[in-house]
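None of the figures in this text is laboratory data; all of them are computed from the coordinates on show. The model shown is predicted, which means the values in this text are computed figures rather than measured ones. Here the Cβ is made from the backbone with ideal geometry for all residues, glycine too, and neighbour counts use every protein chain on show.
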Amino acid sequence: METGIPTPDRLRKYAHTVGLFLEEMHSKYPSTLAFESEEERQDTMKWLELTQPVYQKDLTRIESQLEKDFKDVSDYWKRDHAYNTARRRVADYESPASWLPWLIGRITDLAVKYERPLFLFKTVRRFAETELRWKQGLSLAVANYLDGTSYRITTEAKASAIRIADLLSELETELQQPAAAHLLEMNRSTTVAPRTKKQLHQLKLFFQRAELQKSLNFRNDKHLLNRITAGDILEANDWAFKNPRKDLAFILLGLSAFDSPIELEPKTIERVWVKRKEQQKAVDCCDLDAHFEMKELSMDRSTTKKRRTSDPLIPNPTRSISGD
């Protein structure tokens with residue numbers, strides 16, 4: 001393996017730090033700017049004119065801080081041939097500083113031309129911060145390859161889901177025992193214990209669903225890690241560009257961090273992405289199904305619910321009471 005490749009820990013710290021910076025930018029700059037009159041529109045344009053250099057300065061500060069604190073990671077991305085080949089295919093630009101004013105001006109012109117009551121500053125951020133997001137996602141993909149995290153997650157996910165469902169079932173049974181019910185009732189809150197039990201039950205329903213467990217199946221052959229890594233790269237592309245960019249993934253499979261270039265056919269890369277999307281859809285559907293099933297159970301119980309304790313609650317006799 002080529003020397004000079006950052007450790008998985010450094011790559012993850014870099015990705016985490018980028019995430020913190022992006023959250024900072026999100027909280028500092030609004031996603032949208034609404035205006036209902038021509039006067040408000042003009043005020044928005046003035047705000048943009050004043051904000052653009054401030055935003056640009058913030059972005060430069062973030063990039064400089066990353067260069068300083070994560071020089072090893074920054075140097076890796078600067079010199080990796082596959083990454084830079086893919087980057088040139090996206091757009092060969094030096095820095096947002098050279099085109100950010102043009103971008104804001106272009107989006108402003110479109111808002112004025114089509115008389116939109118909304119200026120999407122989040123569009124400015126999406127384009128300006130694309131490379132940061134891309135490096136963030138790719139850093140995690142490389143880290144997960146280097147220490148085998150992605151392989152372990154894939155091969156252990158289904159067994160983990162089954163095990164968690166079983167443990168939650170055991171926990172629910174235990175919470176129904178008199179001693180456990182008594183301990184929960186020691187909590188004077190009338191909402192914490194019921195809400196906790198409801199959340200546990202909904203979580204159990206989620207992990208128990210056959211659709212979820214089926215989506216976690218995998219074909220265990222010698223190319224499994226290659227397919228997993230391709231999927232991680234596609235996810236990184238989609239995170240940055242709102243598009244998996246399979247053409248870029250094909251190039252990025254040659255990153256120097258890999259023991260050797262990962263060789264996958266374009267059709268295989270396509271199937272990998274389809275599988276990822278199907279898995280995500282299954283997770284979302286199972287989560288929604290568990291929510292609705294829990295809601296139906298709550299409606300059914302509301303008509304037959306009987307309070308086991310007096311109203312108001314009798315102080316727990318096993319707990320000393322002072323101050324009265």
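Taking the chain as a Gaussian network, where each spring joins two C-alpha atoms under 10 Å apart, which residue of L138, L110, L200 fluctuates the most?
L110
With a 10 Å Cβ neighbour count serving as the proxy for reagent exposure, in which order, fewest first, do W47, W273 appear?
W47, W273
Can you pull the one-decimal nm distance between simple spin-label points at K68 and R126, each 7 Å off the Cα toward Cβ?
3.2
If I take R0 = 51 Å and measure r between the Cβ atoms of K158 and L50 in this structure, what FRET efficiency does the formula 1/(1 + (r/R0)^6) give, to the nearest 0.05?
E(calc), rounded to 0.05, equals 0.45.
Near K197, which aspartates and glutamates are there with a Cα under 13 Å away, not counting those fewer than 8 places off in the same chain?
The reachable aspartates and glutamates, counting only those whose Cα sits under 13 Å from K197, are E170, E172, E174, E185.
log₁₀ I(q)/I(0) of segment 1-140 at q = 0.10, 0.21 Å⁻¹, via Debye over equal Cα point scatterers, no solvent, to two decimals?
Evaluating at q = 0.10, 0.21 Å⁻¹ gives log10 I(q)/I(0) of -0.41, -1.29.
Which whole-Hz couplings ³J(HN,Hα) result when phi for each residue of segment 228-234 is put into the Karplus expression 6.51 cos²θ - 1.76 cosθ + 1.60, θ = phi - 60°, listed in order with x for Gly and Pro?
These are the phi-based 3J(HN,Hα) values: 4, 5, 4, x, 5, 5, 4 Hz.
Once you keep just the Cα pairs under 8 angstrom separated by 6 or more residues, what percentage relative contact order results for the chain?
23
Distance in nm between label sites at H223 and L110, each 7 Å beyond Cα in the beta-carbon direction?
Inter-label distance under the simple model: 3.9 nm.
State the answer as a single residue: which of V274, L140, M186 lies farthest towards the positive end of the charge dipole of the chain, with beta carbon charges of +1 for Lys and Arg and -1 for Asp and Glu, about the Cα centre.
M186
Give the aspartates and glutamates whose C-alpha is closer than 14 Å to that of K78, dropping any in the same chain fewer than 8 places away, or say none.
Within reach: E63, E67, D92, E94, E131.
So how far apart, in nm, are the two label points at L167 and D247 if each is 7 Å from Cα heading toward Cβ?
About 4.6 nm separates the two model spin labels.
Could you calculate the contour length gain from W99 to D75, that is, 0.36 nm times the residue separation minus the distance between their Cα atoms, to one decimal place in nm?
Gain on extension, W99 to D75, equals 6.3 nm.
Could you compute the FRET efficiency for L175 and S27, with r as their C-beta to C-beta distance and R0 at 45 Å, rounded to 0.05?
Computed FRET efficiency for L175 and S27: 0.70.
Could you list K222, K28 so that the one with the fewest beta carbons within 10 Å of its beta carbon is first and the one with the most is last?
Taking fewest neighbouring Cβ atoms as first place, the list is K222, K28.
Equivalent ellipsoid semi-axes for the chain, as square roots of 5 times the alpha carbon gyration tensor eigenvalues: give them largest first, rounded to whole Å.
45, 32, 20
Of the listed pairs K68/K242; K158/K222; K13/K214; K135/K242, which have alpha-carbon separations greater than 23 Å here?
Over 23 Å apart, Cα to Cα: K68/K242; K13/K214.
Going by how many other beta carbons lie within 10 Å of each one, how would you line up S27, S150, S139, fewest first?
S27, S150, S139
So which residue, out of R219, R133, R271, gets the largest mean-square fluctuation from a GNM of the chain using Cα contacts under 10 Å as springs?
R219
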